[in-house]
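Written out below as structure tokens is the structure these notes cover.
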Amino acid sequence: MSHSLSIVILAAGKGSRMKSPTAKVLHRICGREMLYYSIKAAREITDDVIVVIAHQKEAVKAAMERHFDGLSFVVQDAENFPGTGGAMKGVSPKYDDVLVLNGDMPLITRGSIERFLANPADIVMSVIPLDNPGGYGRVVIEEGQVLRIVEEKDATEAQKAINTVNAGVYAFKHHVLQNYIPRLSNDNAQGEYYLTDVIEMARRDGLSIAPLYVAEEEFKGVNSKADLAHAEEIMMDRIRKTWMDAGVIMQLPQTVYIEEGVRFVGECVVENGVRVCGESLIENSHLKAHSVIEDSSVRDSDVGPLAHLRPQSVLENTHVGNFVEVKKSHLRGVKAGHLSYLGDADIDEGTNIGAGTITCNYDGMKKYRTIIGKNVFVGSDTQLVAPVEISDNVMIAAGTTVTAGKYESGILLLSRTPVRKVAGFFAKFFGKGKEC
Ligand code: UD1
Ligand code: CA
């Protein structure tokens with residue numbers, strides 16, 4: 001359902017408390033930038049989403065345009081008009097109802113935004129009661145009426161003790177913003193134009209201001225790396241629950257890391273300690289303990305324990321066992337049980353990859369592909385020096401180095417230094433006393 005509502009997301013700030021060269025809103029939670037999540041929630045509700053940018057504006061815009069089409073961006077004049085009130089200056093919303101959201105609130109959902117729309121007051125603002133209100137603006141409420149918001153840096157000791165805080169979401173009528181934004185001053189501890197000052201101005205003019213009590217699980221502001229980690233835990237719980245509800249079996253789910261872009265299809269099993277990242281697609285497969293899967297697709301297969309699928313790997317009806325690393329390879333109906341590196345390879349049905357097989361895909365300058373046909377038996381400790389192409393029904397003896405080239409069907413490949421026997425060597429070498 002789409003509402004006649006404009007949503008403005010403030011994402012222009014530096015985020016200096018993050019102590020990072022990366023703009024705050026581009027820090028990632030479950031694999032996506034935190035700003036992605038608030039835009040996603042907003043887009044579920046309306047077509048008019050305006051994102052205010054300034055600090056690292058090109059990077060923020062480019063990152064969001066990778067996820068969404070048709071966003072409106074407004075560049076804040078942060079030098080002359082810093083602060084959340086300054087951020088609202090160039091904004092022209094399409095609709096009369098305007099919801100303003102901080103860009104550092106990745107946990108917000110469509111459901112919690114919709115609660116703001118049900119209230120007829122001139123301004124509806126979010127309030128969280130917190131035992132430890134540090135870092136947030138305090139909401140001064142008397143006899144149930146919101147009087148003003150005081151930023152922590154401007155607060156008196158008595159005001160700092162107030163434990164109802166401003167969560168940073170407000171629903172305004174457009175004319176209220178048009179009236180008060182131009183009149184904001186920067187006469188405060190940070191020399192900034194505070195959007196929060198609109199509340200006191202509107203209050204004095206007799207407008208109605210409704211506090212909406214909300215929970216930190218959805219309205220948490222991320223200001224530090226510790227906040228980032230906490231928000232990621234909450235988001236990860238949601239992602240795991242979504243997939244368990246969809247039929248995925250998870251063992252010790254608290255130890256499983258699944259990113260936002262991952263999809264599961266059919267019945268999958270995910271054992272403890274598994275990490276699934278990027279845009280991976282897992283279909284009717286079993287991911288065993290402590291495996292890592294990045295931007296790969298796994299269908300009707302089992303992976304691990306302790307396997308690593310790096311980006312652009314595709315497994316179909318395949319078994320990949322412990323300490324096997326696969327990169328940019330397509331394995332169909334393959335068994336690679338132990339200790340191998342399969343990079344830039346195409347391997348076909350019925351082929352068995354022995355322990356210790358390595359595709360030598362890199363000559364120090366360029367990468368080359370390895371192509372292996374059907375029913376090939378690759379003996380243990382084989383090196384395949386790419387580019388190499390092996391036809392169907394080939395047998396490769398253990399320990400063979402297959403040099404670059406094309407090999408025809410039906411042959412045995414073997415390169416091996418014959419074993420020598422040296423009689424009496426042990427006693428000669430160790431003498432009488434081998435230390436145990
Ligand atoms: C703000 C509120 C505070 C509230 C808290 C909730 C103000 C003055 N204070 O404080 O009352 O408790 O959020 O999380 O609004 N931004 C801009 N342009 C700027 C400055 C900030 O777009 O010039 C954006 C930031 O990118 C960020 C959001 O506004 O996404 C909030 O800015 P931040 O500096 O984190 O505000 P807080 O100090 O947390
Ligand atoms: Ca904040």
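Please go through segment 267-302 and give me each residue that is in a strand (DSSP E or B) and farther than 15 Å from Met250 by Cβ, ordered by number.
Cys277, Leu281, Glu283, Val292, Glu294, Ser297, Val298, Arg299, Asp302
Can you work out which of the residues in segment 129-141 that are in a loop (DSSP other than H, G, I, E, B) and within 15 Å of ligand 1 (Cβ to nearest atom) is most open to solvent (accessible area, probe 1.4 Å)?
My answer is Asn132.
Taking interchain pairs and intrachain pairs at least six residues apart, which have beta carbon atoms under 8 angstrom, with the first residue in segment 143-172 and within 17 Å of Asn188 (Cβ to Cβ) and the second part of a helix (DSSP H, G or I) and polar (S, T, N, Q)?
If the second residue must be part of a helix (DSSP H, G or I) and polar (S, T, N, Q), the pairs left are Val150/Gln159.
Conditions first: (1) without any contact (Cβ under 8 Å) to a residue 60 or more places away in the chain; (2) under 18 Å from Val176 (Cβ atoms). Met88 passes all but one, so which condition is the exception?
(1)
Among the residues of segment 363-389, which ones are in a loop (DSSP other than H, G, I, E, B) and open to solvent by less than 60 Å² (accessible area, probe 1.4 Å)?
Gly364, Gly373, Val376, Gly379, Ser380, Thr382, Ala386
I need every pair where a residue in segment 95-114 that is farther than 10 Å from Glu218 by Cα and in contact (Cβ under 8 Å) with a residue 24 or more places away in the chain has its Cβ under 6 Å from the Cβ of a residue that is within 13 Å of ligand 2 (Cβ to nearest atom) and in a strand (DSSP E or B), sequence separation at least 6 or different chains.
Here the result reads Leu101/Ile9; Leu101/Val169; Asn102/Leu10; Asn102/Gly168; Gly103/Ile9; Gly103/Leu10, each pair linking segment 95-114 to a residue that is within 13 Å of ligand 2 (Cβ to nearest atom) and in a strand (DSSP E or B).
Based on what the data block shows, is Phe429 modelled with pLDDT under 95, open to solvent by 70 Å² or more (accessible area, probe 1.4 Å) and not acidic (Asp, Glu)?
yes
Got a sec? Which of Glu142, Glu151, Glu200 is among the acidic types (Asp, Glu) and within 16 Å of ligand 2 (Cβ to nearest atom)?
Glu151
Here are the criteria: (1) over 14 Å from Gly103 (Cα atoms); (2) in contact with a helix residue (DSSP H, G or I) (Cβ under 9 Å, 6 or more places away or on another chain); (3) more than 9 Å from ligand 1 (Cβ to nearest atom). Tell me which single one Ala42 does not satisfy.
Tallying (1) over 14 Å from Gly103 (Cα atoms); (2) in contact with a helix residue (DSSP H, G or I) (Cβ under 9 Å, 6 or more places away or on another chain); (3) more than 9 Å from ligand 1 (Cβ to nearest atom), Ala42 fails exactly one: (1).
Which numbered condition trips up Leu26, out of (1) in contact (Cβ under 8 Å) with a residue 40 or more places away in the chain; (2) within 30 Å of Val256 (Cα to Cα); (3) open to solvent by 10 Å² or more (accessible area, probe 1.4 Å)?
Result: Leu26 fails condition (1) only.
Report every pair of residues separated by at least 6 positions or lying on different chains whose Cβ atoms are under 8 Å apart, first residue within segment 220-237 and under 14 Å from Gln254 (Cβ atoms) and more than 9 Å from ligand 2 (Cβ to nearest atom), second of a type outside the set (Asp, Glu) and open to solvent by 30 Å² or more (accessible area, probe 1.4 Å).
Correct list of pairs: Met236/Tyr257.
With respect to Val75, is the statement that it is of a type in the set (Val, Ile, Thr) and open to solvent by 40 Å² or more (accessible area, probe 1.4 Å) true? Don't jump to the end; show me each part of the working.
Values: of a type in the set (Val, Ile, Thr): yes; open to solvent by 40 Å² or more (accessible area, probe 1.4 Å): yes.
Criteria met by Val75.
With respect to the numbered conditions (1) under 22 Å from Ile181 (Cβ atoms); (2) open to solvent by 50 Å² or more (accessible area, probe 1.4 Å); (3) in contact with a strand residue (DSSP E or B) (Cβ under 9 Å, 6 or more places away or on another chain); (4) within 15 Å of ligand 2 (Cβ to nearest atom), which one is the sole condition not fulfilled by Val100?
Here Val100 meets the rest and fails (2).
Quick check, is Gly399 farther than 22 Å from Lys335 by Cα, assigned by TED's automatic domain parsing to the domain that holds Thr351, open to solvent by less than 80 Å² (accessible area, probe 1.4 Å) and assigned to a loop (DSSP other than H, G, I, E, B)? Walk me through it before giving the result.
Working: farther than 22 Å from Lys335 by Cα: no; assigned by TED's automatic domain parsing to the domain that holds Thr351: yes; open to solvent by less than 80 Å² (accessible area, probe 1.4 Å): yes; assigned to a loop (DSSP other than H, G, I, E, B): yes.
The answer is no for Gly399.
Output yes when any residue across segment 110-127 is in a loop (DSSP other than H, G, I, E, B), in contact with a helix residue (DSSP H, G or I) (Cβ under 7 Å, 6 or more places away or on another chain) and among the polar types (S, T, N, Q), and no when none is.
Looking only at segment 110-127, we keep the residues that are in a loop (DSSP other than H, G, I, E, B), and these are 118-122.
Now drop any that are not in contact with a helix residue (DSSP H, G or I) (Cβ under 7 Å, 6 or more places away or on another chain), which leaves 122.
Those still in the list that are among the polar types (S, T, N, Q) too: none.
No, every residue in segment 110-127 fails to be in a loop (DSSP other than H, G, I, E, B), in contact with a helix residue (DSSP H, G or I) (Cβ under 7 Å, 6 or more places away or on another chain) and among the polar types (S, T, N, Q).
Which ranges mark the helices (runs of 4 or more DSSP H) fully within segment 142-243 that have 1 or more residues being in the same structural domain as Ala121 (by TED's automatic domain parsing), open to solvent by 50 Å² or more (accessible area, probe 1.4 Å) and more than 16 Å from ligand 1 (Cβ to nearest atom)?
157-160, 174-180, 197-204
For segment 42-77, which positions are among the hydrophobic types (A, V, I, L, M, F, W, C) and under 21 Å from His174 (Cα atoms)?
Once the filter is applied, which keeps residues that are among the hydrophobic types (A, V, I, L, M, F, W, C) and under 21 Å from His174 (Cα atoms), segment 42-77 yields Ala42, Ile45, Val49, Ile50, Val51, Val52, Ile53, Leu71, Phe73, Val74, Val75.
If you scan segment 322-362, which residues turn out to be within 17 Å of His286 (Cα to Cα) and surrounded by 21 or more Cβ atoms within 10 Å (Cβ to Cβ)? I'd like the intermediate steps shown before the answer.
So in segment 322-362, the residues within 17 Å of His286 (Cα to Cα) come out as 322-326, 331-338.
Passing the criteria: Val324, Val326, Leu331, Val334, Ala336.
Is it true that some residue in segment 331-343 is assigned to a strand (DSSP E or B), free of Cβ contacts under 8 Å to residues at least 60 places away in the same chain and under 24 Å from the mean Cα position of the chain (by Cα)?
no
Can you tell me which residue among Gly90, Gly13 is buried (at least 21 other Cβ atoms within 10 Å of the Cβ), at pLDDT below 95 and over 18 Å from the mean Cα position of the chain (by Cα)?
Gly13
Scanning segment 42-72 for residues that are assigned to a strand (DSSP E or B) and open to solvent by less than 10 Å² (accessible area, probe 1.4 Å), which turns out nearest to Leu5 (Cα to Cα)?
Val49
The values are calculated or read from the model by the stated rules, or taken from the named source; none is laboratory data. Only a predicted model underlies this, so the values are computations on that prediction, with no experimental measurement involved. Methodologically, a virtual Cβ is constructed for each residue, glycine included, from the backbone with ideal geometry; neighbour enumeration extends over all protein chains shown. The accessibility values were calculated without ligands, DNA or RNA, using every heavy atom of the protein model including side chains. Shrake-Rupley method; radii C 1.70, N 1.55, O 1.52, S 1.80 Å.
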